[in-house]
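Before any comments, here is the structure.
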Amino acid sequence: MTLIPTKTRRAMIRAILAAPLGLAALTGPALAQAYPEEPIRLVVPHGAGGGTDVFSRLIAAPTAETLGASIAVVNVTGGGTAIGAQEVARSDPDGYTLLSTHVALLTSSAMGANQMGPDSLTPIAQLASETQVIAVRADSPMASAGDFFDAVADDSRPKLGISAGAGNHFAFLQMLMNVPDYDVNFVPVGGGGPSMTALLGGNIDVGTFTVSEVLDQVAAGEVRAVTVFAAERDPALPDVATATEAGFPIEIGLDYVWYAPKDTPTDRIATLADALETTMADETIRTTLTERAILPNFLRGDALEATLAERWETIQSVAASIR
Amino acid sequence: MIGELAASFATMLAPYPFALIVLGTVLGIVAGAIPGLNGGMLIALSLPLTFGWNPLDAIALLVGMYVGSISGGLISASLLNIPGSPSNLMTTLDAMPMARRGEAARALQLGIIASFFGGVVSWMALVLLAPPLVAFALTFGPHEYFAIIFSALVLISSLSEGSMTRGLIAAMLGVLVALPGLDPVTAQPRLTFGFDRMLGGFDLLAVLIGVFAVSQLLADAAPGAKAEVIRLQSSRLVLSLGAVTRHWVNLIRSALIGTWVGILPGVGGSIGSILAYGAAKTLSKTPERYGTGCEEGVIASETANNATVGGAIIPMVTMGIPGSIIDVFLIAALTINNIRVGPLLLQDNPEIVYGFMSTLLVANVVMLIVMLVSLRGLARLMTVPKTYLIPIILLFCVIGAYAGNNRVFDVWVMFAFGLFGILFRVMRLPIGPFVIALVLTPLAEFNLRAALISADGSWLSFLQRPVSAVFVVIAGLLFVMPLVLPWVRRHSNRSAVE
């Protein structure tokens, strides 16, 4: 070792360290034609084993096959999706780091946890949606959207279970947007699972869920689905009237969207969107999702951009009302 | 029901499922014993493997891992002064002093038997009493949760040996470390100093690995430090029956506490062991011995943390409510097979419910045998020079801190708290109150604030709900007792003399 002068040694080390970078620079243009060539890292900013995680993994497997590159699902939790989403936003925009999330990206941005906001990411495609529903215990007198809107306006002050600043909080706020003097008690309980526990135990009066979260409890007769906030009735709950039918035209869903960092080349976004479109067209996948009360709802390109911009505006105005 | 359960035992004891239970339990014990790794990680990593398996095989493997991992942490708690997992925190406080006295084998054996006992009691609760227990657990709201945690805080307030002031300082630091992140009620960043990686707060596991493992390893590796050598004498590997049975009150009490804490959703094995330890200490005639290597402490902690496993399975199979984080993985393993884990599980898929029951008992028996048999092997492990052991354990610590959330930040947190732990040693601050405050603060804060919001700000509401009232009163009495008892004793002594 001592035979090599320090200066030369430093230069050598620098050369060795720089080698991979140089290689990447050289092969950069070549990669543009052959994408993807390496494994793709799909960041899921939600807990392992939860609904979004399972959904992401269900989609990732066939999509990886179409792309001819493996997709590694990585759960990066914390900050109401802010940590995982910002990690992706800061990654190289080369199409090898992607994000799979839903409205939580918008709510955490509107609440100020995610400082970089949704504009730090480019949407690739929306894949599917879940319908938002409100539910009560089976012994509750509340049976229709009308009953719910009466209860929030009178002096009964119902307890609504929320996870502050998260999707279910915003869902309630969206429902209440056009009720001038609503009087409710937002009790912090947590997301879908804890909300259901609190509802069953009588610690809240009304909870808001996605259809898949209430299905089993409804079937068992423990809780009643009051109304769904969608244009049409949900196929999994055909007997439950929509709010629109009752004269409250409000639509709220949980929409699964995949994103890439901003400035990811458009041809790579297109490659990914093509692969996802193939996945979502597959009958087996569609059946698997429908069985879980997840409705395929594919969107890409300009239509997706416009929809997301509209949602972002709604979420921001709702956030302004509570901040 | 007995017929179905017997049939389920027959299914799970067939060679293939049984092999999976043994594999799961052994892997669980290993992951539990390695500081940094824990059952949650092992199960999360194994989960994708089980997609596409027969659901009963998945249950065999994953429940085995669950039972093994919560038991394995006892090993490093006794031999390395490092809790293998958060639920072995309290075990460490007494197992290590026992080991220093040359009673490592005894601590291990008592812990293993206590673990088994806790597992069996919670299994009986699962088989015999699941529906009524869940109905009662569901009525628990934020008031009851806070009241229980509050009484736990009072129970352990006198936990640290030595100076009360030092204990309080340590506990306050624990509270402080638990605060940064997103405010749980307003969802606004709190104490993050504008640094967005702080939005998730300090990860509990990363901090625990830091203060226990990294600081211990750094201390052992310091120049001139003579690492403690814990010896397991093979001659002491037989424990008399009486050594266990004389703890029967503690065993039963801790098992019941652990089972109940397991049933409560969102409260984990670490809280179960803190509560059981606190109860054992408070009811003990010699509370001052706790923390100095007393058998009762090891037994309380290990019985309760294993009992939380069976407890946590109860709300899952009866109502589809996960009793613990690991339950979420178990549910995911089933839903991927289109088995709906909800209130209709027993009706639609009875074989799954009975599968959980039989697997849980089999896994506990396997755990007991594997751990008792491997004691001699462990004794040999202890002869590995620290020069080799420390880097390997440190490597696992880094992996563990990272793998929890896939965040490099957590690894830095771990190292920072390793230095913090050294500072604690230098300043002679007790680590017990610090970690207990760290574990309990988020639950206490969230439930206190949620309770007050739900009662429109009324503090009286804590006394208006029966369960929370009982716990608040107990906590009050526990708080006053140490102040009043000496006076009462003095008084009665004097009257006796007169």
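The values are calculated or read from the model by the stated rules, or taken from the named source; none is laboratory data. Here the structure is a predicted model, which is why all the values come from computation and not from measurement. FYI the Cβ positions are ideal-geometry reconstructions off the backbone, even for glycines, and counts take in every protein chain you see.
For the range B:169-177, check the following and say yes or no: at least one residue is surrounded by fewer than 19 Cβ atoms within 10 Å (Cβ to Cβ), in contact with a helix residue (DSSP H, G or I) (Cβ under 9 Å, 6 or more places away or on another chain) and either within 12 Å of chain A (Cβ to nearest Cβ) or farther than 19 Å from B:Leu440 by Cα (or both). No, the range B:169-177 contains no residue that is surrounded by fewer than 19 Cβ atoms within 10 Å (Cβ to Cβ), in contact with a helix residue (DSSP H, G or I) (Cβ under 9 Å, 6 or more places away or on another chain) and either within 12 Å of chain A (Cβ to nearest Cβ) or farther than 19 Å from B:Leu440 by Cα (or both). Note on the range B:444-460: residues that are of a type outside the set (Val, Ile, Thr), within 12 Å of chain A (Cβ to nearest Cβ) and either surrounded by 17 or more Cβ atoms within 10 Å (Cβ to Cβ) or part of a helix (DSSP H, G or I) (or both) total 10.
Within the range A:68-93, the residues that satisfy the criterion of being more than 15 Å from the chain's Cα centre (by Cα), crowded, with 20+ Cβ neighbours inside 10 Å and more than 9 Å from every other protein chain (Cβ to nearest Cβ) are A:Ile71, A:Ala89.
Of all the numbered requirements in (1) within 21 Å of the chain's Cα centre (by Cα); (2) in a loop (DSSP other than H, G, I, E, B); (3) at pLDDT 90 or above, B:Val175 misses one, and that requirement is (2). The set of residues in the range A:261-293 being closer than 16 Å to A:Asp94 by Cα and crowded, with 19+ Cβ neighbours inside 10 Å consists of A:Pro261, A:Thr264, A:Arg268, A:Ile269, A:Leu272, A:Ala273. Note on the range B:393-414: residues that are over 26 Å from B:Leu381 (Cα atoms), touching a residue at least 24 places away in the same chain (Cβ under 8 Å) and either in a helix (DSSP H, G or I) or more than 14 Å from chain A (Cβ to nearest Cβ) (or both) amount to 6. Against the conditions (1) crowded, with 24+ Cβ neighbours inside 10 Å; (2) over 13 Å from the mean Cα position of the chain (by Cα); (3) within 14 Å of chain A (Cβ to nearest Cβ); (4) not hydrophobic (A, V, I, L, M, F, W, C), B:Gly278 satisfies every one except (3).
Check B:Leu42, B:Leu27, B:Leu37 and return the single one that is buried (at least 16 other Cβ atoms within 10 Å of the Cβ) and at pLDDT 95 or above.
Numbers: B:Leu42 fails: at pLDDT 95 or above; B:Leu37 fails: at pLDDT 95 or above.
On inspection, the qualifying residue turns out to be B:Leu27.
Applying the condition of being under 24 Å from the mean Cα position of the chain (by Cα) and either surrounded by fewer than 17 Cβ atoms within 10 Å (Cβ to Cβ) or aliphatic (A, V, I, L, M) (or both) to the range B:397-415 and asking which residue is nearest to B:Ser85 (Cα to Cα) yields B:Ala401. The criterion of being modelled with pLDDT of 90 or more and surrounded by fewer than 20 Cβ atoms within 10 Å (Cβ to Cβ) does not hold for B:Val121.
Where helices (runs of 4 or more DSSP H) fall wholly inside the range B:286-391, the ranges with 3 or more residues that are buried (at least 20 other Cβ atoms within 10 Å of the Cβ) and among the β-branched types (Val, Ile, Thr) are B:295-319, B:325-335, B:350-373. In the range A:65-74 there is no residue that is assigned by TED's automatic domain parsing to the domain that holds A:Ala303, outside any helix (DSSP H, G or I) and either within 29 Å of A:Ser317 (Cα to Cα) or in contact with a Phe, Trp or Tyr (Cβ under 6 Å, 6 or more places away or on another chain) (or both).
With respect to B:Pro97, is the statement that it is assigned to a helix (DSSP H, G or I) and within 19 Å of B:Leu217 (Cα to Cα) true? Yes: the conditions hold for B:Pro97. Looking across the range B:184-210, just one residue is at pLDDT below 90 and hydroxyl-bearing (Ser, Thr, Tyr), and that is B:Thr186.
Which ones in the range B:426-443 are surrounded by fewer than 19 Cβ atoms within 10 Å (Cβ to Cβ) and modelled with pLDDT of 90 or more?
We begin by selecting, within the range B:426-443, every residue surrounded by fewer than 19 Cβ atoms within 10 Å (Cβ to Cβ); these are B:426-428, B:442.
Matches in the range B:426-443: B:Val426, B:Met427, B:Pro442.
Does A:Asp205 count as closer than 14 Å to A:Phe148 by Cα, surrounded by 20 or more Cβ atoms within 10 Å (Cβ to Cβ) and acidic (Asp, Glu)? Judged against the criteria, A:Asp205 is a match. Quick check on the range A:151-172: of everything there that is more than 18 Å from the chain's Cα centre (by Cα) and part of a loop (DSSP other than H, G, I, E, B), which residue is nearest to the other protein chains (Cβ to nearest Cβ)? Within the range A:151-172, the match that is nearest to the other protein chains (Cβ to nearest Cβ) is A:Arg157.
Could we say that A:Thr122 is part of a strand (DSSP E or B), hydroxyl-bearing (Ser, Thr, Tyr) and closer than 30 Å to A:Tyr35 by Cα here? Yes; evaluated as a whole, the condition is true for this residue.
Table: residues versus (1) more than 27 Å from A:Thr66 (Cβ to Cβ); (2) in the same structural domain as A:Phe149 (by TED's automatic domain parsing).
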{"position": "A:Val214", "(1), (2)": "yes, yes"}
{"position": "A:Tyr259", "(1), (2)": "no, no"}
{"position": "A:Pro265", "(1), (2)": "no, no"}
{"position": "A:Asp274", "(1), (2)": "no, no"}
{"position": "A:Glu313", "(1), (2)": "yes, no"}
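In the range B:57-69, the residue that is nearest to B:Ile34 (Cα to Cα) out of those that are among the hydrophobic types (A, V, I, L, M, F, W, C) and touching a Gly at 6+ places or on another chain (Cβ under 6 Å) is B:Met65. For the range A:98-109, the condition holds for at least one residue, the condition being that it is assigned to a loop (DSSP other than H, G, I, E, B) and farther than 16 Å from B:Phe195 by Cα.
Hey, could you check the range A:113-139 for residues that are in contact with a strand residue (DSSP E or B) (Cβ under 7 Å, 6 or more places away or on another chain) and of a type in the set (Gly, Ala, Ser) and say which is surrounded by the most Cβ atoms within 10 Å (Cβ to Cβ)?
Per the criteria, the residue is A:Ala113.
With the requirement that a residue be more than 23 Å from B:Val30 (Cα to Cα) and part of a helix (DSSP H, G or I), what does the range B:101-121 give you?
Of the range B:101-121, the ones more than 23 Å from B:Val30 (Cα to Cα) are B:101-102, B:121.
Hit for the range B:101-121 is B:Val121, nothing else.
The set of residues from the range A:280-320 being within 18 Å of the chain's Cα centre (by Cα), within 14 Å of chain B (Cβ to nearest Cβ) and farther than 24 Å from A:Ser108 by Cβ comprises A:Leu289, A:Thr290, A:Arg292, A:Ala293. Could you tell me which residue of the range B:211-269 is modelled with the lowest pLDDT, considering only residues that are of a type in the set (Phe, Trp, Tyr) and surrounded by 12 or more Cβ atoms within 10 Å (Cβ to Cβ)? It comes out as B:Phe212.
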